[in-house]
């Protein structure tokens, strides 16, 4: 049994902005076996945001987040999961739908079944949707540590 943690875009900026190793802190916080997951739609959102001309800081953070999460995928710390995002589907809705799909998917011979779905985000709207859907939420608290809701 494992807790599947879906990483939201803004959560992946935390290591660069606040110097918190979210990849190490989440399993410690949950105190159970965890599987950190980067959804394909979330990765696409980071790429889209990085292409915009919102300023150098955002671009550097986006590039840093992409590089860091790519490294974590290569190391096996984060699992990359390709789930198609529907046309014009908001990323928040996509993450919630992906959580439902993961929770309802039958476990294959190599994977452990998900005991719960956790959404790692600082987005207020996504937090509300996650709680309404029955998911736990990991968020940044006081810019110094992670907290489980």
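A compact table of results
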read-out: Contour minus Cα-Cα distance for residue 124 and residue 60 (0.36 nm per residue); value: 20.7 nm
read-out: Per-pair calculated FRET efficiency, R0 = 22 Å: residue 24 and residue 147 via Cβ, rounded to 0.05; value: 0.90
read-out: Efficiency of FRET between residue 105 and residue 32 - r from beta-carbon atoms, R0 22 angstrom, step 0.05; value: 0.70
read-out: Beta bridges per DSSP with both ends in the stretch 2-148, % antiparallel, nearest 5; value: 20 percent
read-out: Semi-axis lengths (Å, descending) of the ellipsoid that matches the C-alpha gyration tensor of the stretch 8-105; value: 21, 20, 11
read-out: Helix 56-75 vs. the chain, principal-axis angle (Cα, 0 to 90°, nearest 10); value: 30 degrees
read-out: Relative packing of 23-32, 92-101, which averages over residues the other C-beta atoms within 10 Å, highest first; value: 92-101, 23-32
read-out: Helix-only CD estimate at 222 nm, as mean residue ellipticity for the chain, using -39500 (n - 2.57) per DSSP H run (n ≥ 4); value: -14000 deg cm²/dmol
read-out: For peptides 118-125, 64-71, 9-16, sequence by mean Cβ density within 10 Å, most packed first; value: 9-16, 118-125, 64-71
read-out: Label-to-label distance, nm, for residues given as residue 136 and residue 80 (7 Å Cα→Cβ offset); value: 2.8 nm
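Where a number appears in this text, it was derived from the coordinates with a stated rule and is not lab data. All values reported here derive from a predicted model rather than from experimental measurement. Please note: Cβ atoms are built from the backbone with ideal geometry, for glycine as well, and neighbour counts cover all protein chains shown.
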